[in-house]
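S.K.: This is the structure I have questions about; it appears just below.
Since every read-out is calculated from the coordinates, none of them should be taken as a lab result. Owing to the predicted nature of the structure, the values given are computational and were not obtained by experimental measurement. Don't worry about glycine lacking a Cβ; one is built from the backbone with ideal geometry, like all the others, and counts go over all protein chains shown.
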Number of protein chains: 2
Amino acid sequence: MSTSFYTCDPAKLHAYTCSVFKAMGCSDADAKLAADVLQSSDLRGIDSHGVARLSGYVRLWKAGRIKANAVGSVIRETASTATYDADSGLGLVMASNAMDIAIEKAKECGSGWVAIKNSNHFGIAGYHAMKALEHDMIGMALTNASPLVAPTFSTERLLGTNPISFAIPAGQEQPVVIDLATSSAANGKLEIAQRAGKKVPLGWVQDKEGQLSDDPSALKKGGSLIPLGSRDDLGSHKGYALSAFVDIFSGVLSGANYGPWVPPFVSFLPLAENMPGEGIGHFVGAWRIDGFSDLTDFKANMDQWIQRFKSAETVEGQDEVIIPGEPEYRAQLIREKEGIPLIDKVYNDLLEIADDLKLDLNVTV
Amino acid sequence: MSTSFYTCDPAKLHAYTCSVFKAMGCSDADAKLAADVLQSSDLRGIDSHGVARLSGYVRLWKAGRIKANAVGSVIRETASTATYDADSGLGLVMASNAMDIAIEKAKECGSGWVAIKNSNHFGIAGYHAMKALEHDMIGMALTNASPLVAPTFSTERLLGTNPISFAIPAGQEQPVVIDLATSSAANGKLEIAQRAGKKVPLGWVQDKEGQLSDDPSALKKGGSLIPLGSRDDLGSHKGYALSAFVDIFSGVLSGANYGPWVPPFVSFLPLAENMPGEGIGHFVGAWRIDGFSDLTDFKANMDQWIQRFKSAETVEGQDEVIIPGEPEYRAQLIREKEGIPLIDKVYNDLLEIADDLKLDLNVTV
């Protein structure tokens, strides 16, 4: 029987992912951490940012754009702020390290903020923001990314899908975890539509002249993704402004590249000329809840907030209002038990990596 | 000759606004500050949040919901965070005071954050965020607001238009000032369409069953505004999540009300039952730029960011890419010279206030 999915055992997939990072030259600790970030994405159902990206990291490392044994360092700081030079390392590792620094600063003075330069793709923003939760803090994580999105009124790709994440603890309820790209749709959704031979809603992508297109390959043909809002009369300038905020905090504030100069994730694309900074940039931070509120009161009010929204009346045909982070939490409960499904293409990529790096791929349940 | 606008002299309008706040019982300093905030909005072309709101503040004061001689106080703090009880005062004044505290904290330790409870409508978020600029800091301001927006999949109004503002200094160029409601359109835009007898784009408002409507009076008929994104297939869950972030930071973290319990701006609507907090809530803060980057480098890179986006190729029929804050800056240059235009309805409201409070209205050029 043929299936379009390989179901993988999370522990085996994690071990394999570790072995790949170790083969690249990462320390045991860094390899484990990088695998943790990818596994968090795969467990939470964000298939685009888990091991589906592993071959991309390997290629960037082969191209000399990722340094596996990088050592990050704080190059500037105040009591509540710092800038971290990621030494061309894995963003997965470096952003997590930087978040640890932010959390330590927040313990000391109520909040902590770290801008990161000279980095690479950091996985899901939510992973880094969620690190704050166990410390009863609110976490925030931003990153800029390869330019694919055109600002409102432009035909040029000047911004990445630049995500914003906030993780907010609750009491009895699950934390609220916001993790959203500031474009109306991610590239991954276009790829799924392309494979299925389907058109996409007007508002996801524009052609190279800047006209809205329902062709999922419009991006590949020189078009651009569109900021959240989708049309200027529906507020796409707001999505553009939010993406600009993420780019400026991640890129300009840290000393990384920004806008059209952000290095591409795909290793075969050349770097831009006259790059103004180093690598890609992130921005992470944490606020201590008891810096503002009694912790017990806060958690009780968060529970009430969540319960009120969950019990809201719904539009006909919809069962429930969804709390940010809820679908990912549910996916994780299922995938921890039933395994992580990988599509053929991703599984075959893992096989190729195994072949190339002389590793065993033994990940299915 | 009849005209639909009264053109007002900014200084005279400011003096009149001051006199209204003083007649309510505000101190000279508070009255001037409140008038500053409203004038900033009128000069920047955000007509919905300037003196157009003055009659609303007067009515809330008459209803006993705004205390003119309120004294705000810090009720909890760490080195970089604080919670501020606004004592039922004018949000215009209290949020500005709280921003001063945030800036002082940022001077000391790199960043400063103040959650405000027990407050009222604070005007434009951008005013408070922009206070950081003269200190070479990045400012942030959030507020929750009367529930008018339905979360994705719901028919209930559970969120306000909950704005997000960031003000970021540049060098030779004007600062980047982001100030956006997290709904796809503001109520004011529906009112303009209603007066003009025009339909609105599908995606601004839904009827009480939760179906998209092009009727600008759908909100008045029991419908709701829609989060940025406009449709679930275009990412309205992201606008909802951003609005939730603003509500939680402004309301839950500070001890103010949140969600459907946020007090209405219009004084004739009753307060909700079983309110979980006090008044409405805001969240303001500032990051010191030199806590992350050399200030000169940062400003040079901001200039390059702005110049690159300004010079981007445009879609046919569009002249230029707009930098966040640019239209408001341009409006201010014009209105400082040529005066502030007020529509009949707003001017007549000012006349009524003058009559009621025994003041002279002498504001036209």
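S.K.: Let me confirm one metric for peptide B:295-305, namely the mean number of other chain beta-carbon atoms within 10 Å of its residues' beta-carbons.
M.R.: Working: counts 0, 0, 4, 5, 1, 2, 10, 4, 0, 6, 10.
That works out to 4 on average.
S.K.: So, counting K/R as plus one and D/E as minus one, what does the shell of residues with Cβ under 11 Å around A:Ser111 add up to? List each step's numbers first, then the result.
M.R.: Numbers: positive: A:Lys105, A:Lys107, A:Arg288, B:Lys105; negative: A:Glu108.
It works out to a net charge of +3.
S.K.: At 7 angstrom along the Cα-to-beta-carbon line, where would the label on A:Ile334 sit relative to the other copies? Give the distances in nm, shortest first.
M.R.: List, nearest first: 5.3 nm.
S.K.: Label chain B by shape, choosing from rounded, prolate and oblate, from the square roots a ≥ b ≥ c of the eigenvalues of the Cα gyration tensor; if a/c is under 1.5 it is rounded, and otherwise prolate applies when a/b is larger than b/c, oblate when it is not.
M.R.: Values: a/c = 1.12, a/b = 1.06, b/c = 1.06.
Here chain B falls in the rounded category.
S.K.: Tell me, what ³J(HN,Hα) does each residue in region B:116-128 have, in order and in whole Hz, if you take phi through Karplus 6.51 cos²θ - 1.76 cosθ + 1.60 with θ = phi - 60° and put x for Gly and Pro?
M.R.: 3J(HN,Hα) across region B:116-128, in whole Hz: 10, 10, 6, 10, 10, 3, 9, x, 7, 4, x, 4, 5.
S.K.: Which one of A:Ser154, A:Ser236, A:Ser267 has the biggest mean-square fluctuation once chain A is modelled by GNM with Cα springs under 10 Å?
M.R.: Highest fluctuation among the options: A:Ser154.
S.K.: A further question on this structure: Show me, for region B:55-68, the HN-Hα J-couplings you get by feeding each phi into the Karplus relation (A = 6.51, B = -1.76, C = 1.60, θ = phi - 60°), rounded to Hz, glycine and proline as x.
M.R.: 5, x, 5, 4, 5, 5, 5, 5, 7, x, 8, 10, 9, 6
S.K.: Given contacts defined as C-alpha pairs under 8 Å and at least six residues apart, what's the relative contact order of region B:185-225, whole-number percent?
M.R.: Numbers: 65 pairs, mean separation 15.2, N = 41.
Relative contact order of region B:185-225: 37 percent.
S.K.: Return the average number of partner chain Cβ atoms within 10 angstrom of each residue Cβ along peptide A:99-108. Can you show the working numbers first?
M.R.: Numbers: counts 0, 0, 0, 0, 0, 0, 4, 3, 1, 4.
Counting other chains' Cβ atoms within 10 Å and averaging over A:99-108 gives 1.
S.K.: Report, by chain and number, residues whose modeled amide H sits under 5 Å from the one on B:Leu342, excluding near sequence neighbours (fewer than 5 apart, same chain).
M.R.: Amide H neighbours of B:Leu342: B:Tyr6, B:Thr7, B:Cys8.
S.K.: Also, I was wondering about something else. Taking H as built 1.01 Å from N, whose amide H comes closer than 5 Å to the amide H of A:Ala185, not counting residues under 5 places away?
M.R.: A:Ile226
S.K.: Taking loop as defined by DSSP and a crowding limit of 10 other beta carbons within 10 Å, which GluC sites (Glu not before Pro) in region B:202-305 fit?
M.R.: Numbers: sites: B:Glu209, B:Glu273, B:Glu278; in loops: B:Glu209, B:Glu273, B:Glu278.
Listed in order of number, the matching sites are B:Glu273.
S.K.: If amide H atoms are built 1.01 Å from N in the plane of the peptide, which residues on other chains or at least 5 residues away come under 5 Å of the amide H of A:Thr364?
M.R.: A:Asp9
S.K.: A further question on this structure: Rounded if a/c is under 1.5, else prolate if a/b beats b/c, else oblate: with a ≥ b ≥ c from the C-alpha gyration tensor eigenvalues square-rooted, which is the protein assembly as shown? Walk me through the numbers on the way to the answer.
M.R.: Details: a/c = 1.69, a/b = 1.62, b/c = 1.04.
Prolate, since a/c reaches 1.5 and a/b exceeds b/c.
S.K.: For A:Lys131, give me every one of the aspartates and glutamates with a C-alpha distance below 13 angstrom, ignoring sequence neighbours fewer than eight places off in its own chain.
M.R.: A:Asp36, A:Asp100, A:Glu104
S.K.: Please report how far the C-alpha centroid of region B:35-74 lies from that of region B:106-181, rounded to the nearest whole angstrom.
M.R.: Taking the Cα centre of region B:106-181 as reference, the centre of region B:35-74 is 16 Å away.
S.K.: Please list 3J(HN,Hα) in residue order for region B:282-294, calculated via the Karplus relation 6.51 cos²θ - 1.76 cosθ + 1.60 where θ = phi - 60°; whole Hz, with x for glycine and proline.
M.R.: After applying 6.51 cos²θ - 1.76 cosθ + 1.60, I find 10, 8, 10, x, 8, 10, 6, 5, 6, x, 10, 9, 4 Hz.
S.K.: Let me ask another. Along the positive direction of the dipole of the protein assembly as shown (beta-carbon charges: Lys, Arg +1; Asp, Glu -1; about the Cα centre), which of B:Ile226, B:Thr83, A:Phe309 reaches farthest?
M.R.: Of the listed residues, the answer is B:Ile226.
S.K.: Putting +1 on Lys and Arg Cβ atoms and -1 on Asp and Glu Cβ atoms, find which of B:Gly325, B:Ser267, B:Phe245 reaches farthest to the positive end of the dipole of chain B.
M.R.: Positive-most Cα among the choices belongs to B:Ser267.
S.K.: What are the nm distances, shortest first, from B:Asn348 to its equivalents in the other copies, labels at 7 Å along Cα→Cβ?
M.R.: 7.1
S.K.: Moving to a separate point now. Once you have a ≥ b ≥ c as the square roots of the Cα gyration tensor eigenvalues for region A:184-299, tell me rounded if a/c is under 1.5, and otherwise prolate or oblate according to whether a/b is larger than b/c.
M.R.: Working: a/c = 2.23, a/b = 1.40, b/c = 1.59.
Oblate shape, in that a/c is at least 1.5 and b/c is the bigger or equal ratio.
S.K.: Now for a separate question. What nm value, rounded to one decimal, do you get for the distance between A:Gln318 and B:Glu209 when each label is placed 7 Å out toward the C-beta?
M.R.: 1.6 nm
S.K.: In a GNM of chain B with a 10 Å cut-off on Cα contacts, which of B:Lys32, B:Lys208, B:Lys189 has the highest mean-square fluctuation?
M.R.: Comparing B:Lys32, B:Lys208, B:Lys189 in a Gaussian network model of chain B, the most mobile one is B:Lys189.
S.K.: Continuing with this model, one more query. Kindly give the distances from A:Asp232 to its copy-mates, label point to label point, with each label point 7 Å from Cα along Cα→Cβ, as nm values to one decimal ordered shortest first.
M.R.: In nanometres, ordered from closest: 3.1.
S.K.: Distance check, please: which entries in B:Lys12/B:Lys337; B:Lys62/B:Lys105; A:Lys238/B:Lys221; A:Lys238/A:Lys299; B:Lys117/B:Lys221; B:Lys32/B:Lys62 exceed 25 angstrom between their Cα atoms? Kindly include the intermediate steps, with their values, before the conclusion.
M.R.: Values: B:Lys12/B:Lys337 13 Å; B:Lys62/B:Lys105 36 Å; A:Lys238/B:Lys221 27 Å; A:Lys238/A:Lys299 31 Å; B:Lys117/B:Lys221 31 Å; B:Lys32/B:Lys62 20 Å.
Distance filter (> 25 Å) returns B:Lys62/B:Lys105; A:Lys238/B:Lys221; A:Lys238/A:Lys299; B:Lys117/B:Lys221.
S.K.: Just report the Cα centroid separation between region B:184-207 and region A:320-347, whole Å.
M.R.: If we compute the Cα centre of each part, the gap is 38 Å.
S.K.: Can you tell me the relative contact order of region A:81-188? Whole percent, Cα pairs under 8 Å, sequence separation 6 or more. Spell out each step's value before the answer.
M.R.: Values: 211 pairs, mean separation 22.1, N = 108.
In percent, rounded to a whole number, it is 20.
S.K.: Looking only at A:Leu180, A:Leu142, A:Leu202, which one moves most when chain A is put into a Gaussian network model with springs between Cα atoms under 10 Å?
M.R.: Residue with maximal mean-square fluctuation among A:Leu180, A:Leu142, A:Leu202: A:Leu202.
S.K.: Compute the Rg to Rh ratio over region B:185-225 from the alpha carbon atoms, using the Kirkwood formula for Rh, and round to two decimal places. Write out the running numbers ahead of the final one.
M.R.: Working: Rg = 8.7 Å, Rh = 9.6 Å.
My calculation puts Rg/Rh at 0.91.
S.K.: What is the distance, in nm, between label points placed 7 Å from the Cα along the Cα-to-Cβ direction at B:Leu359 and at B:Ala272?
M.R.: 3.2 nm
S.K.: Still on this structure, I have one more. About its Cα centre, what dipole magnitude does region B:185-225 give when the only charges are +1 on Lys and Arg Cβ and -1 on Asp and Glu Cβ, stated in debye to the nearest 20?
M.R.: On the way: 7 positive and 5 negative charges, 33 e Å.
Computed charge dipole of region B:185-225: roughly 160 debye.
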